[in-house]
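The values are calculated or read from the model by the stated rules, or taken from the named source; none is laboratory data. Values in this document were obtained by computation on a predicted structure and should not be read as measured data. Every residue, glycine as well, gets a Cβ built from its backbone with ideal geometry; the counts of neighbours run over all protein chains shown.
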Amino acid sequence: MDTSLQYIKFCEKAEEMQIGWLPQEWDFIFCNSAGCLCSYSRYKNLPRLVGKPNIPASWSKFKIDHIWLPRQDQLQEMVKRSDYSPKLHDGNLLLVSIFKDWVKDNWQSLLASENSMEQLWLAFVMEERWNKYWNGENWVKEDNETT
């Protein structure tokens, strides 16, 4: 699981993904105010702590102060839904094949930095679902809009 500062930044800037996040048990979360990594637990809707404690007073404050760091399997689920990407309706094998083609099409820009699988899958998800690309600072639409 990628917990690098780069991946945290990618996830924080992926606002569409963060807004749609519905916590699942064992989600990885970066806590901004405490600067630590925690894992979400359904037990009393509190984080199980990996770093130092930061128990939220309320759910809304919790969501504002925390960044969800999706695992690779969660990123793959985001693009498997047919309402987001009809061409992926044939399941995992087709998904991996489309991802492989996407990597092949983008290999020159991907070589510019060392990317984890989570970072690559996040970039793929952002392009597939929201038609956004990483410009070095933020996720932007293909026509360079900053939303």
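Looking across region 24-43, the residues that are under 13 Å from the mean Cα position of the chain (by Cα) and either free of Cβ contacts under 8 Å to residues at least 40 places away in the same chain or more than 24 Å from Tyr133 (Cα to Cα) (or both) come down to Asp27, Phe30.
Scanning region 1-20 for residues that are assigned to a loop (DSSP other than H, G, I, E, B), among the hydrophobic types (A, V, I, L, M, F, W, C) and crowded, with 18+ Cβ neighbours inside 10 Å gives a single hit, Ala14.
Within region 5-17, residues that are touching a residue at least 24 places away in the same chain (Cβ under 8 Å) sit with their Cβ atoms under 9 Å from residues that are of a type in the set (Gly, Ala, Ser), at 6+ positions apart or across chains, in these pairs: Gln6/Ser113; Gln6/Ser116; Tyr7/Ser116; Phe10/Ala123.
May I ask you to verify whether Trp26 is surrounded by 14 or more Cβ atoms within 10 Å (Cβ to Cβ) and assigned to a loop (DSSP other than H, G, I, E, B)? No. Scanning region 23-41 for residues that are over 21 Å from Gln72 (Cα atoms) and modelled with pLDDT under 80 yields a count of 2.
Total residues in region 68-123 satisfying the condition of being modelled with pLDDT under 70, in contact with a Leu (Cβ under 9 Å, 6 or more places away or on another chain) and assigned to a helix (DSSP H, G or I): the figure is 3.
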